[in-house]
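The values are calculated or read from the model by the stated rules, or taken from the named source; none is laboratory data. Everything quoted here is computed from the prediction, not taken from an experiment. When we count neighbours, we look across all protein chains shown, and the Cβ atoms used for this are built from the backbone with ideal geometry, even at glycine.
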Amino acid sequence: MKQQFLEAGVVAGTHGVRGEVKVNPWADGPEFLTLFHTCRLGGRPAEIESARVHKSQVLLKLRGVDDLTAAAALRGAVVTVDRDDAPLPPGKVFVADLIGLPVLADGREIGKIAEVLNMPANDVYVVRGEREYMIPAVSEFLEAVDVDGGFVRVRLLEGMASDEN
């Protein structure tokens with residue numbers, strides 16, 4: 001089942017004395033978090049007054065968080081965003097929707113997606129079952145990614161399993 005709120009980062013610390021927090025983003029890029037007017041911190045709703053990218057982080061100014069003490073209290077809070085506020089381009093899916101999906105190859109289940117590695121050239125799906133597989137998320141190996149149907153179908157090559165040479 002798809003989660004309504006998607007984890008998008010974590011509050012890493014404070015910035016300045018006026019209540020801004022530094023967020024380490026978990027999205028494809030820090031710009032993603034600047035698109036929202038609301039979020040949730042540790043499960044509580046928060047209104048975003050401003051958001052900007054600073055180096056590889058996002059600086060958020062939240063309504064009601066107006067000083068260093070209030071900002072420091074948020075350190076470690078997970079930032080989530082509403083799925084309905086985060087439209088995806090066609091053909092893209094949220095990593096959170098992939099985790100746990102069964103992966104099929106040659107008509108049989110080889111495992112479930114345990115994690116998605118964001119590599120420079122492309123993402124890599126780590127599939128764990130009786131064996132562990134590292135499958136590049138490219139059209140050559142992905143035959144179907146059906147989040148609504150609840151599966152991913154792949155084409156395997158020799159050497160994709162962790163115990164193959």
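Listed by position, the strands (runs of 3 or more DSSP E) contained in the range 90-160 that have at least 1 residues being polar (S, T, N, Q) are 108-118. The set of residues in the range 41-70 being surrounded by 14 or more Cβ atoms within 10 Å (Cβ to Cβ) and part of a helix (DSSP H, G or I) consists of Leu68, Ala70. Would you mention how many residues in the range 12-47 are touching a residue at least 60 places away in the same chain (Cβ under 8 Å) and closer than 12 Å to Lys61 by Cβ? Within the range 12-47, residues that are touching a residue at least 60 places away in the same chain (Cβ under 8 Å) and closer than 12 Å to Lys61 by Cβ number 1. Restricting Gly64, Gly107, Gly29 to those that are in the same structural domain as Val10 (by TED's automatic domain parsing), out of contact with any strand residue (DSSP E or B) (no Cβ under 6 Å at 6 or more places or on another chain) and under 30 Å from Ala161 (Cα atoms) reduces the list to Gly29.
Residue-level check: of (1) within 30 Å of Ala144 (Cβ to Cβ); (2) β-branched (Val, Ile, Thr); (3) surrounded by fewer than 18 Cβ atoms within 10 Å (Cβ to Cβ), Thr38 misses just (1). Taking the criterion of being out of contact with any helix residue (DSSP H, G or I) (no Cβ under 7 Å at 6 or more places or on another chain) and touching a residue at least 12 places away in the same chain (Cβ under 8 Å), the residues of the range 65-78 that qualify are Asp66, Asp67, Leu68, Ala70, Ala71, Ala72, Leu74, Arg75, Gly76, Ala77, Val78. Candidates are the residues of the range 1-35 that are β-branched (Val, Ile, Thr) and over 21 Å from Pro89 (Cβ atoms); the one that is surrounded by the fewest Cβ atoms within 10 Å (Cβ to Cβ) is Val17. Tallying residues that are of a type in the set (A, V, I, L, M, F, W, C) and more than 21 Å from Glu158 (Cβ to Cβ) within the range 114-142 yields 2.
Considered as a group, the residues in the range 71-95 that are within 13 Å of Ala46 (Cα to Cα) and of a type outside the set (S, T, N, Q) include one that is surrounded by the most Cβ atoms within 10 Å (Cβ to Cβ), and that residue is Val79.
Contact annotation: residue pairs with Cβ atoms under 9 Å, 6 or more positions apart or on different chains, pairing a residue in the range 135-160 that is within 22 Å of Lys2 (Cα to Cα) and free of Cβ contacts under 8 Å to residues at least 40 places away in the same chain with a partner that is acidic (Asp, Glu) and in a strand (DSSP E or B), are Ala137/Asp123. In this structure, Glu140 does satisfy being loosely packed, with under 12 Cβ neighbours inside 10 Å, more than 17 Å from the chain's Cα centre (by Cα), acidic (Asp, Glu) and over 29 Å from Leu33 (Cα atoms).
Of the candidates Val11, Val58, the single residue that is among the β-branched types (Val, Ile, Thr) and over 28 Å from Ala121 (Cβ atoms) is Val11.
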